[in-house]
Amino acid sequence: MKFTFLGTGGAFDVAYGNSAAIVEFKGHSILLDCGFTVYPTLRQHQLTRSMEYILLTHLHNDHTGSLANILLHCHYFNANCRPSILYPDDDFRDEIYEFLRLQVQKPELYVDFIPVSELPGITALDTYGLHAEKLQSYAYIFEENGERMVYSGDLGQPESLFAFLRGLVPKATTVFHDVTFSEENTAHTHYKKLIQYTQDYHIYGYHCDPTQNPEDNPLPLVYNRPELLLSSRLEEAVN
């Protein structure tokens with residue numbers, strides 16, 4: 001199991017790309033979120049053919065802005081490439097369908113919808129309203145070969161996620177959690193709220209501008225970990 005981040009920035013941190021990752025999981029390739037900078041990144045590095053599944057945390061533009069482009073590109077330019085969208089429940093599937101219908105008219109021509117339960121080892125944690133009021137969002141937990149990795153999505157209140165993790169069988173757990181360095185930004189988790197969990201979990205911050213990282217932040221940022229970034233993956237492929 002491996003996470004490779006295509007970007008680590010927030011909605012307005014375009015220099016660092018929208019936060020999204022390719023997850024290599026049980027022999028499959030999952031695109032986890034696909035904001036508006038993701039399609040150009042996939043095109044630049046010729047990765048559009050490798051997307052088997054797409055998994056979304058919520059429908060904000062910095063997490064879905066490339067979705068229609070990716071599906072249309074695969075349909076018209078990549079033979080034998082038809083990604084499937086994994087969905088955690090029927091209501092969210094309907095939201096995604098309507099989101100796509102406004103752009104491509106008939107989503108079923110370009111993509112299949114598959115319950116996330118059909119890919120065992122992925123747990124969707126409902127975080128409704130914990131990022132934005134009345135907005136459906138999810139955190140995702142991946143488990144394979146005794147390893148557990150967690151992706152928070154966008155989460156202003158982290159307590160429910162860590163309460164859920166504490167109810168699971170204990171094992172080494174890596175958490176990729178969105179962070180903000182401004183206490184006024186209640187849509188994301190202020191980094192100081194996560195410090196209390198670092199004794200039990202390996203936590204990496206993402207969805208932020210790394211140049212704003214305060215000196216007293218003990219959390220490593222994904223941006224500063226080359227082994228988690230696409231550039232490192234591409235170098236490995238070349239070598």
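The values are calculated or read from the model by the stated rules, or taken from the named source; none is laboratory data. Because the structure is predicted, anything quoted here is derived from the model rather than measured. Cβ: placed from backbone, ideal geometry, glycine included. Neighbour counts: every protein chain shown.
Some points to look at:
- Residue under evaluation Arg233, criteria (1) crowded, with 17+ Cβ neighbours inside 10 Å; (2) modelled with pLDDT of 95 or more, criterion not met: (2)
- Of Leu71, Leu59, all but one fail to be farther than 25 Å from Thr173 by Cβ, surrounded by 16 or more Cβ atoms within 10 Å (Cβ to Cβ) and over 16 Å from the mean Cα position of the chain (by Cα); the exception is Leu71.
- Checking His188, His177, His202 one by one, the residue that is in contact with a His (Cβ under 7 Å, 6 or more places away or on another chain) and at pLDDT 95 or above is His188 and no other.
- Within the stretch 209-224, considering residues that are assigned to a loop (DSSP other than H, G, I, E, B) and free of Cβ contacts under 8 Å to residues at least 24 places away in the same chain, the one nearest to Gly17 (Cα to Cα): Pro220
- When the stretch 45-59 is filtered for residues that are within 17 Å of Phe77 (Cβ to Cβ) and out of contact with any strand residue (DSSP E or B) (no Cβ under 7 Å at 6 or more places or on another chain), the ones remaining, listed by number, are His45, Gln46, Leu47, Thr48, Arg49.
- Residue list for the stretch 153-180, filter: under 25 Å from Leu59 (Cβ atoms), part of a loop (DSSP other than H, G, I, E, B) and hydrophobic (A, V, I, L, M, F, W, C): Leu155, Val179
- Residues in the stretch 110-138 that are in a loop (DSSP other than H, G, I, E, B), in contact with a helix residue (DSSP H, G or I) (Cβ under 8 Å, 6 or more places away or on another chain), touching a residue at least 40 places away in the same chain (Cβ under 8 Å) and of a type outside the set (A, V, I, L, M, F, W, C): Gln136 only.
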